Amino acid sequence: MIKKIFKRLGLKDKLLGLIVPFLLLIIWQGAVTKHLFSELLVVPPLTLLNTLIELAKSGDLSSNILASLNRVLIGFLIGASGGFILGIAMGLSPIINRTLSPLVKALQQVPEFAWMPVIILLFGIDEFAKNIFIAIGAFYPMLFNTYLGVSGVPDKYHELAQVYQYKSHRYLAKVILPSALPSIITGIRLSLGLSWVFVVGAEFFGTEAGVGFMMISGRQLFQIDVVMAGLVVIGTIGFLLNYVLQLLEKKLSGGRVAFDGGIA
Amino acid sequence: MDIIVAKDVRKKFKLKHGQQVKNNGIISNEIDALGGFDLNIKKGEFLVLVGPSGSGKSVFLDIVGGLSAPTSGVVYLDNKPVDAPSEKTGYVFQQYALFPWRTALSNIEFGLESRGVVKEERIKIARELLSLFGLSDFEDRYPYQLSGGMQQRVAIARALATKPEVLLMDEPFAALDAQTREILQNELIRIWEGTDTTVIFVTHSIDEAVFLADRVAVVTARPGKIKEIIEIDLPRPRNGDIRSSSEFAANRHKVWGALKAEVNKAQQEWKLAPGFTD
(Lines give C-alpha, C1' and ligand atoms only; values in the text may rest on other atoms or scores of the structure.)
Protein backbone atom coordinates (compact mmCIF):
# COMPACT_ATOMS: atom_id res chain seq x y z
CA MET A 1 0.00 0.00 0.00
CA ILE A 2 2.66 2.51 1.05
CA LYS A 3 4.81 1.21 -1.76
CA LYS A 4 2.00 1.98 -4.17
CA ILE A 5 1.61 5.55 -2.95
CA PHE A 6 5.35 6.04 -3.19
CA LYS A 7 5.29 4.81 -6.74
CA ARG A 8 2.36 7.07 -7.66
CA LEU A 9 4.16 10.18 -6.56
CA GLY A 10 7.51 9.03 -7.84
CA LEU A 11 8.65 9.49 -4.26
CA LYS A 12 11.21 6.73 -4.38
CA ASP A 13 13.42 8.65 -6.80
CA LYS A 14 12.92 11.87 -4.93
CA LEU A 15 13.78 10.32 -1.56
CA LEU A 16 17.13 9.24 -3.02
CA GLY A 17 17.94 12.91 -3.49
CA LEU A 18 17.29 13.56 0.21
CA ILE A 19 19.68 10.95 1.58
CA VAL A 20 22.90 12.92 1.15
CA PRO A 21 21.58 16.24 2.54
CA PHE A 22 20.15 14.36 5.53
CA LEU A 23 23.48 12.60 6.21
CA LEU A 24 25.29 15.93 5.94
CA LEU A 25 22.92 17.43 8.49
CA ILE A 26 23.65 14.60 10.92
CA ILE A 27 27.43 14.90 10.46
CA TRP A 28 27.19 18.67 10.78
CA GLN A 29 25.17 18.48 14.00
CA GLY A 30 27.48 15.77 15.37
CA ALA A 31 30.64 17.72 14.58
CA VAL A 32 29.42 20.79 16.44
CA THR A 33 28.06 18.80 19.38
CA LYS A 34 31.46 17.07 19.69
CA HIS A 35 33.11 20.52 19.65
CA LEU A 36 35.06 19.93 16.45
CA PHE A 37 34.08 23.48 15.45
CA SER A 38 33.16 26.51 17.48
CA GLU A 39 29.44 26.87 17.78
CA LEU A 40 29.87 30.60 17.17
CA LEU A 41 31.28 30.04 13.70
CA VAL A 42 29.44 26.92 12.59
CA VAL A 43 25.83 27.01 13.64
CA PRO A 44 24.44 23.52 14.19
CA PRO A 45 21.32 22.58 12.19
CA LEU A 46 19.00 22.54 15.23
CA THR A 47 19.99 26.09 16.19
CA LEU A 48 19.55 27.11 12.58
CA LEU A 49 16.05 25.65 12.56
CA ASN A 50 15.29 27.62 15.72
CA THR A 51 16.56 30.83 14.10
CA LEU A 52 14.43 30.20 11.03
CA ILE A 53 11.35 29.68 13.19
CA GLU A 54 12.07 32.87 15.13
CA LEU A 55 12.67 34.86 11.97
CA ALA A 56 9.42 33.52 10.58
CA LYS A 57 7.52 34.33 13.77
CA SER A 58 8.80 37.92 13.93
CA GLY A 59 7.69 38.47 10.34
CA ASP A 60 11.26 39.42 9.32
CA LEU A 61 11.59 36.40 7.10
CA SER A 62 8.43 36.89 5.07
CA SER A 63 8.95 40.65 4.65
CA ASN A 64 12.51 40.09 3.44
CA ILE A 65 11.48 37.29 1.10
CA LEU A 66 8.68 39.42 -0.32
CA ALA A 67 11.04 42.35 -0.84
CA SER A 68 13.45 40.10 -2.74
CA LEU A 69 10.72 38.42 -4.79
CA ASN A 70 9.32 41.80 -5.73
CA ARG A 71 12.73 42.89 -7.03
CA VAL A 72 13.17 39.62 -8.87
CA LEU A 73 9.81 39.96 -10.54
CA ILE A 74 10.41 43.49 -11.84
CA GLY A 75 13.98 42.77 -12.95
CA PHE A 76 12.92 39.51 -14.56
CA LEU A 77 10.02 41.12 -16.40
CA ILE A 78 12.27 43.84 -17.82
CA GLY A 79 15.13 41.52 -18.79
CA ALA A 80 13.09 38.57 -19.98
CA SER A 81 10.74 40.62 -22.14
CA GLY A 82 13.75 42.26 -23.77
CA GLY A 83 15.32 38.85 -24.38
CA PHE A 84 12.03 37.44 -25.64
CA ILE A 85 11.44 40.18 -28.21
CA LEU A 86 15.04 40.23 -29.41
CA GLY A 87 15.08 36.41 -29.50
CA ILE A 88 12.05 36.35 -31.78
CA ALA A 89 13.52 39.02 -34.04
CA MET A 90 16.87 37.22 -34.29
CA GLY A 91 15.20 33.85 -34.73
CA LEU A 92 12.98 35.03 -37.57
CA SER A 93 15.40 37.26 -39.43
CA PRO A 94 18.85 35.98 -40.39
CA ILE A 95 19.86 39.57 -41.15
CA ILE A 96 18.99 40.82 -37.67
CA ASN A 97 20.71 37.75 -36.26
CA ARG A 98 23.93 38.33 -38.17
CA THR A 99 23.89 42.04 -37.30
CA LEU A 100 23.41 41.62 -33.58
CA SER A 101 24.79 38.25 -32.58
CA PRO A 102 28.51 39.29 -32.37
CA LEU A 103 27.59 42.16 -30.04
CA VAL A 104 25.31 39.98 -27.92
CA LYS A 105 27.92 37.25 -27.66
CA ALA A 106 30.63 39.74 -26.66
CA LEU A 107 28.46 41.40 -24.02
CA GLN A 108 27.44 38.02 -22.68
CA GLN A 109 31.08 37.39 -21.77
CA VAL A 110 30.97 40.24 -19.28
CA PRO A 111 30.50 38.68 -15.82
CA GLU A 112 27.28 39.86 -14.22
CA PHE A 113 29.03 41.52 -11.29
CA ALA A 114 31.27 43.54 -13.61
CA TRP A 115 28.13 45.50 -14.53
CA MET A 116 27.75 46.62 -10.94
CA PRO A 117 30.10 49.67 -11.05
CA VAL A 118 28.63 50.76 -14.38
CA ILE A 119 25.11 50.48 -13.07
CA ILE A 120 25.97 52.33 -9.87
CA LEU A 121 27.53 55.15 -11.91
CA LEU A 122 24.55 55.37 -14.25
CA PHE A 123 21.63 54.68 -11.95
CA GLY A 124 22.95 55.02 -8.41
CA ILE A 125 22.10 52.37 -5.85
CA ASP A 126 18.37 52.80 -5.59
CA GLU A 127 15.67 50.30 -6.44
CA PHE A 128 15.77 50.87 -10.19
CA ALA A 129 19.51 50.17 -10.32
CA LYS A 130 18.87 46.80 -8.67
CA ASN A 131 16.12 46.01 -11.12
CA ILE A 132 18.46 46.73 -14.02
CA PHE A 133 21.19 44.57 -12.48
CA ILE A 134 18.75 41.65 -12.28
CA ALA A 135 17.35 42.40 -15.73
CA ILE A 136 20.78 42.04 -17.33
CA GLY A 137 21.13 38.58 -15.81
CA ALA A 138 17.61 37.60 -16.85
CA PHE A 139 18.08 38.86 -20.40
CA TYR A 140 20.54 36.30 -21.82
CA PRO A 141 18.94 32.93 -21.05
CA MET A 142 15.62 34.24 -22.32
CA LEU A 143 17.23 35.61 -25.47
CA PHE A 144 19.14 32.43 -26.30
CA ASN A 145 16.33 30.02 -25.59
CA THR A 146 13.75 32.07 -27.47
CA TYR A 147 16.17 32.37 -30.36
CA LEU A 148 16.81 28.61 -30.36
CA GLY A 149 13.09 27.86 -30.29
CA VAL A 150 12.17 30.28 -33.05
CA SER A 151 15.08 29.53 -35.36
CA GLY A 152 14.51 25.82 -34.78
CA VAL A 153 10.95 25.78 -36.14
CA PRO A 154 11.07 22.90 -38.65
CA ASP A 155 11.04 23.83 -42.36
CA LYS A 156 7.92 21.75 -42.86
CA TYR A 157 5.98 23.95 -40.42
CA HIS A 158 7.01 27.01 -42.41
CA GLU A 159 5.90 25.32 -45.62
CA LEU A 160 2.62 24.28 -44.09
CA ALA A 161 2.02 27.86 -42.96
CA GLN A 162 2.70 28.99 -46.52
CA VAL A 163 0.39 26.38 -48.02
CA TYR A 164 -2.44 27.61 -45.80
CA GLN A 165 -1.64 31.31 -46.17
CA TYR A 166 -0.67 32.00 -42.57
CA LYS A 167 0.90 35.45 -42.42
CA SER A 168 2.25 38.02 -39.93
CA HIS A 169 0.68 37.90 -36.45
CA ARG A 170 -1.37 34.78 -37.19
CA TYR A 171 1.78 33.00 -38.39
CA LEU A 172 3.56 34.06 -35.22
CA ALA A 173 0.70 33.09 -32.91
CA LYS A 174 -0.33 29.82 -34.57
CA VAL A 175 2.95 28.36 -35.81
CA ILE A 176 6.13 30.06 -34.56
CA LEU A 177 5.30 30.60 -30.88
CA PRO A 178 3.63 27.23 -30.18
CA SER A 179 6.50 25.47 -31.91
CA ALA A 180 9.06 27.44 -29.87
CA LEU A 181 7.09 27.16 -26.61
CA PRO A 182 9.10 24.42 -24.86
CA SER A 183 12.27 26.36 -25.52
CA ILE A 184 10.71 29.63 -24.38
CA ILE A 185 9.60 28.06 -21.12
CA THR A 186 13.09 26.72 -20.56
CA GLY A 187 14.21 30.31 -21.10
CA ILE A 188 11.75 31.58 -18.49
CA ARG A 189 12.90 28.98 -15.99
CA LEU A 190 16.61 29.66 -16.41
CA SER A 191 16.04 33.39 -16.55
CA LEU A 192 13.95 33.46 -13.40
CA GLY A 193 16.49 31.22 -11.67
CA LEU A 194 19.32 33.61 -12.48
CA SER A 195 17.21 36.59 -11.39
CA TRP A 196 16.89 34.96 -8.01
CA VAL A 197 20.62 34.34 -7.83
CA PHE A 198 21.40 37.95 -8.73
CA VAL A 199 18.87 39.57 -6.43
CA VAL A 200 20.88 38.46 -3.44
CA GLY A 201 23.99 39.99 -4.97
CA ALA A 202 22.15 43.20 -5.69
CA GLU A 203 20.99 43.36 -2.10
CA PHE A 204 24.51 43.25 -0.73
CA PHE A 205 24.71 46.95 -1.62
CA GLY A 206 22.64 49.63 0.03
CA THR A 207 19.29 48.07 0.78
CA GLU A 208 17.00 48.00 3.76
CA ALA A 209 15.09 44.85 2.91
CA GLY A 210 15.52 41.54 1.18
CA VAL A 211 17.12 38.19 1.88
CA GLY A 212 20.53 39.54 0.83
CA PHE A 213 20.11 42.48 3.19
CA MET A 214 19.13 40.11 5.98
CA MET A 215 22.38 38.19 5.49
CA ILE A 216 24.57 41.30 5.28
CA SER A 217 23.13 42.80 8.44
CA GLY A 218 23.43 39.39 10.10
CA ARG A 219 27.10 39.35 9.24
CA GLN A 220 27.60 42.90 10.54
CA LEU A 221 25.95 42.00 13.85
CA PHE A 222 27.87 38.71 13.95
CA GLN A 223 24.64 36.70 13.86
CA ILE A 224 26.07 33.76 11.97
CA ASP A 225 22.81 31.86 12.40
CA VAL A 226 20.95 34.57 10.49
CA VAL A 227 23.53 34.49 7.69
CA MET A 228 23.14 30.75 7.38
CA ALA A 229 19.36 30.97 7.60
CA GLY A 230 19.65 33.29 4.58
CA LEU A 231 21.55 30.60 2.70
CA VAL A 232 18.90 28.03 3.47
CA VAL A 233 16.12 30.38 2.36
CA ILE A 234 17.87 31.27 -0.90
CA GLY A 235 18.49 27.62 -1.73
CA THR A 236 14.97 26.55 -0.87
CA ILE A 237 13.21 29.28 -2.81
CA GLY A 238 15.50 28.82 -5.81
CA PHE A 239 14.78 25.11 -5.75
CA LEU A 240 11.02 25.65 -5.53
CA LEU A 241 11.00 28.18 -8.38
CA ASN A 242 12.89 25.79 -10.59
CA TYR A 243 10.70 22.86 -9.59
CA VAL A 244 7.40 24.59 -10.31
CA LEU A 245 8.59 25.89 -13.66
CA GLN A 246 9.90 22.48 -14.60
CA LEU A 247 6.47 21.00 -13.93
CA LEU A 248 4.95 23.70 -16.13
CA GLU A 249 7.51 22.97 -18.79
CA LYS A 250 6.61 19.29 -18.83
CA LYS A 251 2.90 20.01 -18.94
CA LEU A 252 3.09 22.52 -21.77
CA SER A 253 5.55 20.68 -23.95
CA GLY A 254 2.93 17.97 -24.61
CA GLY A 255 5.23 15.00 -25.04
CA ARG A 256 7.96 17.06 -26.63
CA VAL A 257 11.31 17.10 -24.88
CA ALA A 258 12.68 20.37 -23.62
CA PHE A 259 16.24 21.13 -22.56
CA ASP A 260 16.63 20.58 -18.83
CA GLY A 261 20.10 22.00 -18.44
CA GLY A 262 21.51 18.55 -17.79
CA ILE A 263 20.26 18.45 -14.22
CA ALA A 264 16.76 17.17 -13.71
CA MET B 1 -9.96 19.91 -69.46
CA ASP B 2 -6.45 20.40 -68.07
CA ILE B 3 -6.31 21.87 -64.59
CA ILE B 4 -2.52 21.99 -64.50
CA VAL B 5 -0.28 22.79 -67.41
CA ALA B 6 3.50 22.84 -66.96
CA LYS B 7 5.46 24.43 -69.80
CA ASP B 8 9.20 23.95 -70.12
CA VAL B 9 9.74 24.22 -66.37
CA ARG B 10 13.41 24.41 -65.40
CA LYS B 11 14.97 24.68 -61.99
CA LYS B 12 18.61 25.16 -61.06
CA PHE B 13 19.94 24.97 -57.52
CA LYS B 14 23.16 26.50 -56.29
CA LEU B 15 25.05 23.90 -54.33
CA LYS B 16 26.46 24.56 -50.92
CA HIS B 17 30.03 25.76 -50.75
CA GLY B 18 32.46 22.96 -51.54
CA GLN B 19 29.93 20.75 -53.31
CA GLN B 20 30.04 20.20 -57.04
CA VAL B 21 28.52 17.98 -59.67
CA LYS B 22 29.44 16.86 -63.16
CA ASN B 23 27.02 17.85 -65.91
CA ASN B 24 27.97 16.19 -69.19
CA GLY B 25 31.57 16.07 -68.05
CA ILE B 26 31.67 19.70 -66.92
CA ILE B 27 32.20 20.33 -63.20
CA SER B 28 29.77 22.88 -61.85
CA ASN B 29 28.51 24.23 -58.53
CA GLU B 30 25.00 24.39 -59.88
CA ILE B 31 22.66 21.50 -60.22
CA ASP B 32 19.89 21.23 -62.79
CA ALA B 33 17.00 19.67 -60.97
CA LEU B 34 14.42 20.12 -63.70
CA GLY B 35 15.41 20.40 -67.34
CA GLY B 36 12.32 21.35 -69.33
CA PHE B 37 9.37 19.72 -67.63
CA ASP B 38 6.21 19.62 -69.80
CA LEU B 39 3.11 18.05 -68.33
CA ASN B 40 -0.64 18.46 -68.68
CA ILE B 41 -2.82 17.14 -65.90
CA LYS B 42 -6.54 16.60 -66.40
CA LYS B 43 -9.11 17.77 -63.92
CA GLY B 44 -9.99 15.00 -61.51
CA GLU B 45 -7.23 12.63 -62.53
CA PHE B 46 -4.84 10.74 -60.29
CA LEU B 47 -1.39 11.31 -61.72
CA VAL B 48 1.65 9.60 -60.22
CA LEU B 49 5.20 10.77 -60.82
CA VAL B 50 7.88 8.07 -60.61
CA GLY B 51 11.55 8.55 -61.27
CA PRO B 52 14.98 7.90 -59.84
CA SER B 53 16.20 9.70 -56.70
CA GLY B 54 17.20 13.27 -57.40
CA SER B 55 15.14 13.52 -60.59
CA GLY B 56 13.31 16.59 -59.32
CA LYS B 57 9.85 15.09 -58.73
CA SER B 58 9.47 16.79 -55.37
CA VAL B 59 10.88 20.01 -56.80
CA PHE B 60 8.14 19.96 -59.43
CA LEU B 61 5.54 19.40 -56.71
CA ASP B 62 6.88 22.40 -54.77
CA ILE B 63 6.61 24.55 -57.89
CA VAL B 64 3.01 23.46 -58.53
CA GLY B 65 2.29 24.16 -54.86
CA GLY B 66 3.78 27.65 -55.12
CA LEU B 67 6.40 26.90 -52.46
CA SER B 68 9.27 27.32 -54.87
CA ALA B 69 9.65 29.37 -58.05
CA PRO B 70 10.94 27.85 -61.30
CA THR B 71 14.16 29.25 -62.76
CA SER B 72 12.34 29.45 -66.08
CA GLY B 73 9.11 28.16 -67.55
CA VAL B 74 5.69 28.34 -66.00
CA VAL B 75 3.04 26.21 -64.32
CA TYR B 76 -0.59 27.14 -64.85
CA LEU B 77 -3.25 26.19 -62.35
CA ASP B 78 -6.72 26.78 -63.78
CA ASN B 79 -5.11 28.91 -66.51
CA LYS B 80 -3.35 31.18 -64.02
CA PRO B 81 0.43 31.07 -63.53
CA VAL B 82 1.36 29.79 -60.06
CA ASP B 83 3.48 32.31 -58.17
CA ALA B 84 2.37 31.65 -54.58
CA PRO B 85 0.54 28.89 -52.70
CA SER B 86 -3.06 28.80 -53.88
CA GLU B 87 -6.17 28.20 -51.82
CA LYS B 88 -7.07 25.52 -54.35
CA THR B 89 -4.07 23.40 -53.37
CA GLY B 90 -3.54 20.96 -50.54
CA TYR B 91 -0.22 19.39 -49.63
CA VAL B 92 0.74 16.16 -47.89
CA PHE B 93 4.39 15.77 -46.92
CA GLN B 94 6.41 12.63 -46.37
CA GLN B 95 7.20 13.70 -42.80
CA TYR B 96 3.64 14.13 -41.67
CA ALA B 97 4.39 17.60 -40.27
CA LEU B 98 1.60 17.46 -37.73
CA PHE B 99 1.82 20.06 -34.99
CA PRO B 100 2.70 18.33 -31.70
CA TRP B 101 0.79 20.94 -29.69
CA ARG B 102 -2.48 20.20 -31.48
CA THR B 103 -4.77 17.19 -31.15
CA ALA B 104 -5.69 15.14 -34.21
CA LEU B 105 -8.93 17.11 -34.54
CA SER B 106 -7.25 20.45 -34.13
CA ASN B 107 -4.50 19.55 -36.62
CA ILE B 108 -7.17 18.90 -39.23
CA GLU B 109 -8.70 22.30 -38.48
CA PHE B 110 -5.43 24.11 -39.20
CA GLY B 111 -6.04 24.83 -42.88
CA LEU B 112 -9.62 25.89 -42.24
CA GLU B 113 -8.70 28.39 -39.53
CA SER B 114 -6.79 30.71 -41.84
CA ARG B 115 -9.68 30.60 -44.30
CA GLY B 116 -12.07 32.02 -41.74
CA VAL B 117 -14.24 28.92 -41.31
CA VAL B 118 -16.12 29.18 -37.99
CA LYS B 119 -15.33 26.82 -35.15
CA GLU B 120 -18.47 24.64 -35.29
CA GLU B 121 -18.10 24.17 -39.03
CA ARG B 122 -14.39 23.32 -38.66
CA ILE B 123 -15.11 20.69 -36.03
CA LYS B 124 -17.88 19.21 -38.17
CA ILE B 125 -15.59 18.90 -41.20
CA ALA B 126 -12.71 17.52 -39.12
CA ARG B 127 -14.95 14.92 -37.44
CA GLU B 128 -16.31 13.76 -40.80
CA LEU B 129 -12.80 13.25 -42.10
CA LEU B 130 -11.67 11.46 -38.95
CA SER B 131 -14.57 9.07 -39.30
CA LEU B 132 -13.76 8.55 -42.99
CA PHE B 133 -10.30 7.37 -41.91
CA GLY B 134 -11.68 5.33 -38.99
CA LEU B 135 -10.07 7.61 -36.43
CA SER B 136 -13.15 8.93 -34.65
CA ASP B 137 -11.98 7.55 -31.31
CA PHE B 138 -8.68 9.38 -31.60
CA GLU B 139 -9.75 12.98 -32.09
CA ASP B 140 -8.32 14.11 -28.74
CA ARG B 141 -4.99 12.35 -29.17
CA TYR B 142 -1.80 14.27 -29.75
CA PRO B 143 0.45 13.18 -32.64
CA TYR B 144 2.94 11.44 -30.35
CA GLN B 145 0.05 9.28 -29.11
CA LEU B 146 -0.68 8.05 -32.65
CA SER B 147 1.09 5.45 -34.80
CA GLY B 148 2.86 6.53 -37.99
CA GLY B 149 -0.03 5.33 -40.13
CA MET B 150 -2.55 7.21 -38.00
CA GLN B 151 -0.45 10.35 -38.14
CA GLN B 152 -0.33 10.23 -41.91
CA ARG B 153 -4.10 9.67 -42.04
CA VAL B 154 -4.53 12.82 -39.97
CA ALA B 155 -2.14 14.71 -42.28
CA ILE B 156 -4.15 13.59 -45.33
CA ALA B 157 -7.37 14.56 -43.57
CA ARG B 158 -5.88 18.00 -42.88
CA ALA B 159 -5.10 18.39 -46.56
CA LEU B 160 -8.59 17.23 -47.59
CA ALA B 161 -10.33 19.50 -45.07
CA THR B 162 -10.01 22.60 -47.26
CA LYS B 163 -11.57 20.64 -50.17
CA PRO B 164 -8.63 21.30 -52.48
CA GLU B 165 -9.06 21.07 -56.24
CA VAL B 166 -5.49 19.84 -56.44
CA LEU B 167 -3.90 17.60 -53.82
CA LEU B 168 -0.11 17.32 -53.91
CA MET B 169 1.32 14.25 -52.19
CA ASP B 170 5.07 13.98 -51.78
CA GLU B 171 5.96 10.34 -51.03
CA PRO B 172 3.34 10.34 -48.28
CA PHE B 173 3.68 6.64 -47.47
CA ALA B 174 7.45 6.27 -47.80
CA ALA B 175 8.10 6.21 -44.06
CA LEU B 176 5.49 3.53 -43.33
CA ASP B 177 5.92 -0.22 -43.07
CA ALA B 178 4.76 -2.32 -46.02
CA GLN B 179 1.44 -3.49 -44.53
CA THR B 180 0.39 -0.07 -43.27
CA ARG B 181 1.38 1.32 -46.61
CA GLU B 182 -0.97 -1.00 -48.50
CA ILE B 183 -3.80 -0.27 -46.11
CA LEU B 184 -3.34 3.46 -46.56
CA GLN B 185 -3.19 3.10 -50.33
CA ASN B 186 -6.51 1.26 -50.20
CA GLU B 187 -8.04 3.94 -47.97
CA LEU B 188 -6.70 6.78 -50.09
CA ILE B 189 -8.08 5.30 -53.30
CA ARG B 190 -11.46 4.57 -51.69
CA ILE B 191 -11.75 8.14 -50.41
CA TRP B 192 -10.39 9.75 -53.57
CA GLU B 193 -12.73 7.78 -55.83
CA GLY B 194 -15.60 9.56 -54.08
CA THR B 195 -14.25 13.03 -54.89
CA ASP B 196 -13.35 15.03 -57.98
CA THR B 197 -9.98 16.13 -56.59
CA THR B 198 -6.98 16.11 -58.89
CA VAL B 199 -4.02 14.35 -57.27
CA ILE B 200 -0.34 14.58 -58.11
CA PHE B 201 1.42 11.87 -56.18
CA VAL B 202 5.17 11.32 -56.02
CA THR B 203 6.55 7.89 -55.18
CA HIS B 204 9.50 5.56 -55.68
CA SER B 205 7.31 2.51 -55.60
CA ILE B 206 6.11 1.17 -58.94
CA ASP B 207 3.45 -0.97 -57.25
CA GLU B 208 2.08 2.05 -55.47
CA ALA B 209 2.09 4.04 -58.73
CA VAL B 210 0.24 1.38 -60.69
CA PHE B 211 -2.31 0.72 -57.96
CA LEU B 212 -3.23 4.39 -57.49
CA ALA B 213 -2.77 6.07 -60.84
CA ASP B 214 -4.88 6.90 -63.84
CA ARG B 215 -1.63 7.82 -65.52
CA VAL B 216 1.96 7.28 -64.43
CA ALA B 217 4.46 9.91 -65.59
CA VAL B 218 7.99 8.52 -65.66
CA VAL B 219 10.60 11.19 -64.96
CA THR B 220 14.14 10.96 -66.35
CA ALA B 221 17.31 11.04 -64.30
CA ARG B 222 18.54 14.53 -63.43
CA PRO B 223 17.83 17.02 -64.93
CA GLY B 224 14.26 15.76 -64.69
CA LYS B 225 11.80 15.87 -67.54
CA ILE B 226 8.92 13.65 -68.55
CA LYS B 227 10.19 10.58 -70.32
CA GLU B 228 6.96 8.75 -70.91
CA ILE B 229 3.38 8.78 -69.72
CA ILE B 230 1.73 5.42 -69.18
CA GLU B 231 -2.04 5.03 -69.00
CA ILE B 232 -2.96 2.51 -66.33
CA ASP B 233 -5.85 0.54 -67.78
CA LEU B 234 -7.09 -0.99 -64.56
CA PRO B 235 -10.81 -0.65 -63.83
CA ARG B 236 -12.19 1.49 -60.99
CA PRO B 237 -13.25 1.28 -58.25
CA ARG B 238 -10.07 -0.53 -57.34
CA ASN B 239 -9.41 -2.55 -54.23
CA GLY B 240 -6.42 -4.40 -52.81
CA ASP B 241 -7.18 -7.64 -54.71
CA ILE B 242 -6.24 -6.04 -58.00
CA ARG B 243 -2.59 -6.16 -56.97
CA SER B 244 -2.40 -9.88 -57.70
CA SER B 245 -4.09 -9.70 -61.13
CA SER B 246 -2.22 -10.29 -64.37
CA GLU B 247 -3.32 -6.86 -65.68
CA PHE B 248 -1.61 -5.31 -62.71
CA ALA B 249 1.58 -7.18 -63.49
CA ALA B 250 1.40 -6.11 -67.12
CA ASN B 251 1.08 -2.44 -66.16
CA ARG B 252 3.85 -2.81 -63.64
CA HIS B 253 6.04 -4.24 -66.34
CA LYS B 254 5.34 -1.29 -68.66
CA VAL B 255 6.27 1.26 -66.00
CA TRP B 256 9.41 -0.57 -64.99
CA GLY B 257 10.41 -0.82 -68.66
CA ALA B 258 10.34 2.97 -68.95
CA LEU B 259 11.97 3.57 -65.59
CA LYS B 260 14.78 1.04 -65.59
CA ALA B 261 17.21 2.89 -67.86
CA GLU B 262 16.73 6.11 -65.90
CA VAL B 263 17.43 4.46 -62.58
CA ASN B 264 20.63 2.96 -63.95
CA LYS B 265 21.66 6.29 -65.39
CA ALA B 266 21.03 8.06 -62.09
CA GLN B 267 23.09 5.50 -60.21
CA GLN B 268 26.00 5.90 -62.61
CA GLU B 269 25.93 9.66 -62.13
CA TRP B 270 25.92 9.37 -58.37
CA LYS B 271 29.02 7.24 -58.54
CA LEU B 272 30.73 9.90 -60.63
CA ALA B 273 29.89 12.77 -58.30
CA PRO B 274 31.65 12.08 -55.01
CA GLY B 275 31.41 15.71 -53.86
CA PHE B 276 27.67 15.78 -53.89
CA THR B 277 25.63 14.54 -51.02
CA ASP B 278 21.87 14.44 -50.98
Residue satisfying condition, being in contact with an Asp or Glu (Cβ under 9 Å, 6 or more places away or on another chain) and of a type in the set (A, V, I, L, M), within set A:95, A:78, A:74: A:74
Residue within the stretch A:135-155 that is touching a Phe, Trp or Tyr at 6+ places or on another chain (Cβ under 7 Å), more than 22 Å from residue A:69 (Cβ to Cβ) and assigned to a helix (DSSP H, G or I) present: yes
When residues of the stretch B:222-239 are limited to those that are part of a strand (DSSP E or B) and acidic (Asp, Glu), the one surrounded by the most Cβ atoms within 10 Å (Cβ to Cβ): B:228
Subset of the stretch B:86-124 that is within 10 Å of chain A (Cβ to nearest Cβ) and of a type in the set (Gly, Ala, Ser) - its residue that is farthest from residue B:134 (Cα to Cα): B:86
Subset of the stretch A:135-194 [aliphatic (A, V, I, L, M), away from chain B (no Cβ under 12 Å) and farther than 19 Å from residue A:90 by Cβ]: A:192, A:194
Residues of the stretch A:195-207 classified as buried (at least 21 other Cβ atoms within 10 Å of the Cβ) and either of a type in the set (Gly, Ala, Ser) or within 14 Å of chain B (Cβ to nearest Cβ) (or both), total: 2
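Among the residues of the stretch B:134-143, is there at least one that is facing chain A (nearest Cβ under 9 Å), of a type outside the set (S, T, N, Q), closer than 23 Å to residue A:177 by Cβ and crowded, with 17+ Cβ neighbours inside 10 Å?
Checked against the condition, which is being facing chain A (nearest Cβ under 9 Å), of a type outside the set (S, T, N, Q), closer than 23 Å to residue A:177 by Cβ and crowded, with 17+ Cβ neighbours inside 10 Å, the stretch B:134-143 yields at least one hit.
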Matching residues in the stretch A:225-256 - criterion: being at pLDDT below 85 and either closer than 30 Å to residue A:38 by Cα or touching a Cys at 6+ places or on another chain (Cβ under 9 Å) (or both): none
Tally of residues being farther than 13 Å from residue B:103 by Cβ, in a helix (DSSP H, G or I) and of a type in the set (Gly, Ala, Ser) across the stretch B:123-135: 1
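The values are calculated or read from the model by the stated rules, or taken from the named source; none is laboratory data. All of these numbers come straight from a predicted model, not from anything done at the bench. A quick note on method: Cβ atoms are made from the backbone with ideal geometry, for glycine too, and the neighbour counts reach across all protein chains shown.
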